1. By count of other Cβ within 10 Å, fewest leading, how are VAL148, VAL191, VAL218 ordered?
2. Taking the simple approach of a point 7 Å from Cα along Cα-to-Cβ for both ASP155 and SER231, what is their distance in nm?
3. 5 Å is the cut-off here: which amide hydrogens, built 1.01 Å from N in the peptide plane, fall below it relative to ALA82, excluding neighbours closer than 5 in sequence?
4. Near the amide H of SER247, under 5 Å away, which other amide H atoms are found, from residues 5 or more places off or on another chain, if H is placed in the peptide plane?
5. What percent of all Cα-Cα pairs in the chain falls in each 20 Å bin, counting up from 0?
6. Could I have the simple spin-label model distance between SER103 and HIS307, label points 7 Å from Cα toward Cβ, reported in nm to one decimal?
7. Relative contact order for the chain: what is it in percent, counting Cα pairs under 8 Å that are at least 6 residues apart?
8. Using the crude model of +1 on Lys and Arg Cβ and -1 on Asp and Glu Cβ, and no other charge, please compute the dipole size for the range 137-274 relative to its Cα centre, in debye to 20.
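What follows draws every value from the coordinates through simple rules; no lab data is involved. These numbers were taken from a predicted model, which means no experiment stands behind them. All Cβ positions, glycine included, derive from the backbone under ideal geometry; neighbour counts span all protein chains shown.
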Amino acid sequence: MPPKFAGLALGVLLPIAAAAQRPTNAADVRRILFTLADDSMGGRMTGSPGEAKAARFIAAEMQRIGLKPLGDSGYFQRVPIAAVPLTQPSRGGRTERLALLKSFADRGTFAVERRRPSVNVVGVLEGRDPVLKDEIVLVDAHFDHIGVGRAINGDSIYNGADDDASGVTAVLEIARQFAGGPAPKRSVLFVTTTGEEAGLLGTRWFIDHPPMPLTQFVANLEIEMIGRPDSLAGGVGKAWLTGYERSTMGEQLAKAGIPIVADRRPEQRFFERSDNIAFARRGVVAHTLSTYNLHADYHQPSDDAAHVDLEHMAAVINAGARAVRGLADGPKPEWKPGGQPGAPAPRP
C-alpha cells in the first residue's frame, strides 16, 4: 500500500439514520462541495497530497453513509500511476505526463519520486431483489482536477468546483438518499475515479480490475459539471444527458417525468469526453448527466465554489436520485441499433 494511504484513520462513524432519505438541499451541497473545492485541496491533481486528502474525505463520507467498501484497501482501489518525463515541455509548461501502468510491479521500476500514489474510491449499496441484486447500476464521477498552475489575477489554484467536485457531491448525496430509503432492487455501485483529466486513468484501471464482472453492469450514470444552470436544458434544476439518442435510457427517464433532456450541443461531442465513454465501449449503457453551459471558467482558477448555484445543484441531484432509482428498480436500458460506440484503438 502506498504510504500516503496507509493507516487511514477514518474514525468510527455511524451510518446515517433512516431520516436521511430526505431530498438534498443547498446546505448538503455546500458542506461537500465547498470541502472538495477548498484551496487546501490544491486543485486535486492526480497523485498529489491534495487529491489524497480528497480521497480520504470521500471515503469517510461513504463510511458515514453506510456503503460497503469494495476497494482492495477498504474503500480505496489503488491505481498504479507514474510520472513520465516529456521530451519537451508542454504548451502549459509541464515537463512530465501521468501514465497508467500495467501493474504495481511496473510502478516499482520507477524512481520513488516519479511514483504517484492514487486511488479510486468505491462503495456499494446491495440490492434487495434475490435475482436483480446481482445486476449493477454504476453511479460515478471523477474527483481529480488539474492542480496548481499559472496564476490568473493572483490565483494559481485550479479548484475544479464545477469540474468535477459538483459531480462527486452528487454521487455522495445520491448514495445518502438511497441508504436512507428503501433498498434498490439492483445493487448500486458508487465510484469516484482518479485521473480523468490525465486520460481516464482511474476508469481504465477500474474497467480492467472491476470489483465484480462488467457483464453484471446494466447501466452507468456518470455525473459531471452540474454546478451551474444551462438555459439550453431549461434552466435551474434541469439537466441534459449525453448521447441521449443512442439508447433507451433518456426516454425511460423522460417517461418517468424526470427533468432530463437530450444534449443540445452535439457538436461538442460530450458523450465521448467523460468516463462514461470507456464503459460504453465495453457494452455498458453509459451516459453522462450534466448542466455544463460552456462557461468561461472551465479549467481556470475561477472555477471555484463561489460560482456554484447551490439550489440548482440540489434540484439536479434530486432529479439524479430519481433517475438512479428508475435504473435500479425499473427495466434495463438498451442500446439502440448503432448506438453503442466501437472499441477504441489499442493504446501503445
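1. Details: VAL148 15, VAL191 29, VAL218 19.
The fewest-first ordering by Cβ neighbours comes to VAL148, VAL218, VAL191.
2. Going from the ASP155 label point to the SER231 one covers 2.3 nm.
3. Under 5 Å from the amide H of ALA82 lie the amide H atoms of ALA99, LEU101, ARG116, each far enough along the sequence or on another chain.
4. The answer is LYS336.
5. 32, 61, 7
6. It works out to 4.4 nm between the two label points.
7. Values: 767 pairs, mean separation 71.2, N = 348.
RCO, the chain: 20 percent.
8. On the way: 13 positive and 18 negative charges, 91 e Å.
The dipole magnitude comes to about 440 debye.
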